[in-house]
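*Asks:* Let me give you the structure first, and then I'll get to my questions.
What follows is calculated from the coordinates using simple rules that are stated; it is not laboratory data. This is a predicted model, so every value here is computed, not measured. Note that each Cβ is placed from the backbone with ideal geometry, even for glycine, and that neighbours are counted across all protein chains shown.
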Amino acid sequence: MQIADHSVVITGGASGLGAATARQLVGRGAKVVIADLNKDVGHALVTELGEYAMFVETDITNAIAMAAAVDVSAKHYGGPQILVCCAGVATPGKLLGKESVLPLEHFNHIIQVNLIGTFNAARLCAERMAQHEANDEGERGVIVMTASVAAFDGQIGQAAYSASKAGIAGMTLPIARELARHGIRAMSIAPGIFDTPMLAGLPEKARASLGAQVPFPSRLGRPEEYAALVQHIIENPMLNGEVIRLDGAIRMAPR
């Protein structure tokens, strides 16, 4: 699927992987709706990107709020043909902490944002994608979801996060199979350790240590590298129903 003149919804698009993807796709002629909770950063990014970007304050776990973001895409840009799901949280928490067991609310919150929020965006955008005319390849839309290497080798304290990301990996193929008759592809990317706001609060020594764990290149991933893969997925019609690890060959240690 081409990118130029196509409408894109990016959840969590105000910063990190989502912001890099917004820059990448707008730079190639896309019309982007950034669906995020961070108003200040979101509006600043729209100012940077120019006339073919809009920000919609969005709680992706809320059906009405997410539908409103999709409606903005439909009203201004003709409705989403591409969805990139980058919204997520990664708060760690041990099952059996020093003082108490992990509160069930913690687990619920991670699942709600990462897994249910992704599914919510996918179902609502797929509904609009199915209404588009197919291109010469028979395509009507592309959905790119964000899993994590934690889906496969999660660390201690990542039970909730790993479960949420494993859920995204697990639903990729069923969604792709279901939406195939509509000409909609579904893929997931499983990033390793990337230089995003989630790591911004760590001391530089800790960040360097994390990067050194990556076999090659021995550094943190760059959001632009994630965005480049998103672009390739969109443009390559044979990529469908798969989870791609983007991790420099890292396999996470227990802690």
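*Asks:* Let me know the charge dipole size of region 1-141 about its Cα centre in debye, to the nearest 20, where only the beta-carbon of Lys, Arg (+1) and Asp, Glu (-1) is charged.
*Replies:* Working: 10 positive and 15 negative charges, 56 e Å.
Once rounded to the nearest 20, the dipole reads 280 debye.
*Asks:* Sort Ile175, Ile234 so the one with the fewest other Cβ atoms within 10 Å of its own Cβ comes first.
*Replies:* Details: Ile175 22, Ile234 26.
Least to most surrounded, the residues fall as Ile175, Ile234.
*Asks:* Additional query: With a sphere of radius 15 Å drawn around the Cβ of Ala14, what net charge do the other residues whose Cβ falls strictly inside it have (Lys, Arg +1; Asp, Glu -1)?
*Replies:* Result for the neighbourhood of Ala14: -3.
*Asks:* Taking the Cβ of Gln158 as the center, what net charge do the other residues with Cβ under 11 Å away carry, scoring Lys and Arg +1 and Asp and Glu -1? Each step should come with its number before you reach the end.
*Replies:* Numbers: positive: Lys94, Lys165, Arg255; negative: Asp153.
Residues near Gln158 contribute +2 overall.
*Asks:* Mind computing the radius of gyration and Dmax over the alpha-carbon atoms of region 40-116? Å is fine for both.
*Replies:* Answer for region 40-116, Rg first and Dmax second: 16.9, 52 Å.
*Asks:* For the peptides 61-73, 98-110, 13-25, what is the packing order when you average, over each peptide's residues, the other Cβ atoms within 10 Å and list the highest mean first? Numbers along the way, then the final one.
*Replies:* Details: 61-73: 17.8, 98-110: 11.9, 13-25: 26.6.
By packing density, highest mean first, the sequence is 13-25, 61-73, 98-110.
*Asks:* Further question on the same structure: Where the centre of each part is set by its Cα atoms, how far does region 195-235 sit from region 63-98, in angstrom?
*Replies:* What the calculation gives is 21 Å, centre to centre.
*Asks:* Picking from Ile189, Leu210, Ile110, whose Cα lies most toward the positive end of the charge dipole for the chain (charges on Cβ: Lys, Arg +1; Asp, Glu -1)?
*Replies:* Sorting the options by dipole projection puts first Leu210.
*Asks:* Calculate how steeply helix 39-49 sits against the longest principal axis of the alpha-carbon atoms of the chain, using the helix alpha-carbon long axis, and give the answer as 0 to 90 degrees to the nearest 10.
*Replies:* Approximately 50 degrees, to the nearest ten.
*Asks:* On to the next question. Counting only helical runs of four or more DSSP H residues, what would the 222 nm mean residue ellipticity of the chain come to if each run contributes -39,500 (n - 2.57) and the total is spread over all its residues? Before the final figure, lay out each step's value.
*Replies:* Details: 10 runs with 108 residues, N = 255.
About -12500 deg cm²/dmol.
*Asks:* On to the next question. Neighbouring Cβ atoms within 10 Å as the yardstick, rank Lys165, Lys75 fewest first. Could the numbers behind the result be given before it?
*Replies:* On the way: Lys165 30, Lys75 11.
If I rank by nearby Cβ atoms, fewest first, I get Lys75, Lys165.
*Asks:* Could you work out the relative contact order of region 1-120, using alpha carbon pairs under 8 angstrom and six or more residues apart, expressed as a whole percent?
*Replies:* Relative contact order, region 1-120: 28 percent.
*Asks:* Quick one: what Rg and Dmax do you get for the chain from the alpha carbons, in Å?
*Replies:* 17.6, 60
*Asks:* For the chain, compute the number of Lys pairs whose alpha carbons are separated by less than 22 Å, excluding pairs fewer than 8 positions apart on the same chain.
*Replies:* On the way: Lys31/Lys39; Lys31/Lys75; Lys39/Lys75; Lys94/Lys165.
Close lysine pairs found across the chain: 4.
*Asks:* A further question follows. With everything on Cα atoms, drop me the angle between helix 117-129 and the longest principal axis of the chain, reported from 0 to 90° to the nearest 10.
*Replies:* 10
*Asks:* Size of region 112-172 along its principal axes in angstrom, Cα-based, largest extent first?
*Replies:* Projected onto the principal axes, the Cα atoms of region 112-172 cover 47, 22, 12 Å.
*Asks:* Moving on to the next point. Counting other beta carbons within 10 Å of each Cβ, put Met171, Met238 in order, fewest first.
*Replies:* Fewest to most other Cβ atoms nearby, the residues stand as Met238, Met171.
*Asks:* Follow-up question, since we're still on this one. So what's the angle, to the nearest 10 degrees on a 0 to 90 scale, between helix 63-77 and the longest Cα principal axis of the chain?
*Replies:* 40
*Asks:* Also: In the chain, if the dipole is taken from +1 on Lys/Arg beta carbons and -1 on Asp/Glu beta carbons about the Cα centre, which of Pro254, Ala53, Ala163 is farthest to the positive end?
*Replies:* Projecting each Cα onto the dipole axis, the largest value belongs to Pro254.
*Asks:* Taking region 53-198 on its own, what percent of its Cα-Cα pair distances exceed 22 Å? Kindly include the intermediate steps, with their values, before the conclusion.
*Replies:* Numbers: 4672 of 10585 pairs.
Summing the P(r) of region 53-198 above 22 Å gives 44 percent of all pairs.
*Asks:* Taking the Cα centre of the chain as origin and charging only Cβ (+1 Lys, Arg; -1 Asp, Glu), how large is the dipole, in debye to the nearest 20?
*Replies:* 660
*Asks:* Just the number, please: percent antiparallel of the DSSP beta bridges in the chain, rounded to the nearest 5. The partial results should precede the final answer.
*Replies:* Working: 1 of 29 bridges.
Antiparallel bridges make up about 5 percent of those DSSP assigns within the chain.
*Asks:* So, one more: So what's the net charge close to Leu49: Lys and Arg +1, Asp and Glu -1, counting the other residues with Cβ under 13 Å from its Cβ? Don't skip to the answer; put the middle values down first.
*Replies:* Numbers: positive: Arg23, Arg28, Lys31; negative: Glu48, Glu51.
Around Leu49, the surrounding residues sum to +1.
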